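Notes to accompany the following structure.
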């Protein structure tokens, strides 16, 4: 929802079913400032947000690498 709101703020019309590419820059925020669209200049992003998404999948895929008996 934040990405769609940001797109609307920038005057970018979207139709139902159309995708919006974005990056989370501050997951702590609950507004349109939480994200930046792919068309905007991205200087940094919320590393912790993406780490929380990625790590469980990596560990699931290669558990022996991360857990030993």
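Any read-out appearing in this document is the output of simple, stated calculations on the displayed coordinates, not a laboratory observation. Treat the numbers as computed from the prediction; the structure is a model and nothing was measured.
Computed values, structure above
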item: Principal semi-axes in Å for the chain [√(5λ), Cα gyration tensor, largest first]; result: 32, 14, 10
item: Length released on extending from residue 62 to residue 13, taking residue separation times 0.36 nm less the Cα-Cα span; result: 13.4 nm
item: Contour minus Cα-Cα distance for residue 47 and residue 31 (0.36 nm per residue); result: 3.9 nm
item: Percentage relative contact order, the chain, counting C-alpha pairs under 8 Å, at least six apart; result: 27 percent
